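The values are calculated or read from the model by the stated rules, or taken from the named source; none is laboratory data. Predicted model, so just to flag it, every value in this text is computed and none were measured. All Cβ positions, glycine included, derive from the backbone under ideal geometry; neighbour counts span all protein chains shown.
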């Protein structure tokens, strides 16, 4: 399977970001791995990498934590959905969580989430994502 051009990891836990980045590097998933520690930072990264001049660096896959300070995963998705129409960019977005409350699930169903996965991210989970969405 060819490498993705870019993957964006969004999680407020530095250890989780380190481990997820190491896993994706070891698996050779992407040419570029970007990391954001909250939804606001992720929006800035997407704005920088998904403009017309740099569209090839735009993440094809976003692994998004649900619970983060400053801007959580759902608030990120709501804002991103409004902005994405201007960029014409449709990455695969996978929500990573340790638990999912019913109210969050109901709110998330209207947003562009490909799937939900329980943490931690594993080789098997990454392989399943790649096979389902990028084969």
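A few comments on the model shown:
Conditions tested, residue by residue: (1) modelled with pLDDT under 95; (2) closer than 15 Å to residue 117 by Cβ; (3) touching a strand residue (DSSP E or B) at 6+ places or on another chain (Cβ under 9 Å).
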| position | (1), (2), (3) |
| --- | --- |
| 2 | yes, no, no |
| 8 | no, no, yes |
| 11 | no, yes, yes |
| 17 | no, no, yes |
| 23 | no, yes, no |
| 34 | no, no, yes |
| 37 | no, no, yes |
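- Taken over the stretch 102-121, residues that are loosely packed, with under 12 Cβ neighbours inside 10 Å and assigned to a loop (DSSP other than H, G, I, E, B) amount to 2.
- Any chance residue 28 is surrounded by 19 or more Cβ atoms within 10 Å (Cβ to Cβ) and either within 27 Å of residue 124 (Cβ to Cβ) or touching a strand residue (DSSP E or B) at 6+ places or on another chain (Cβ under 9 Å) (or both): no
- Considering the stretch 1-25, and only residues there that are crowded, with 20+ Cβ neighbours inside 10 Å and without any contact (Cβ under 8 Å) to a residue 60 or more places away in the chain, the residue that is farthest from residue 90 (Cα to Cα) turns out to be 9.
- Note on the stretch 49-71: residues that are more than 20 Å from residue 92 (Cβ to Cβ) and in a helix (DSSP H, G or I) amount to 2.
- The lone criterion from (1) surrounded by fewer than 15 Cβ atoms within 10 Å (Cβ to Cβ); (2) farther than 17 Å from residue 42 by Cβ; (3) in contact with a helix residue (DSSP H, G or I) (Cβ under 8 Å, 6 or more places away or on another chain); (4) at pLDDT below 95 left unmet by residue 85 is number (3).
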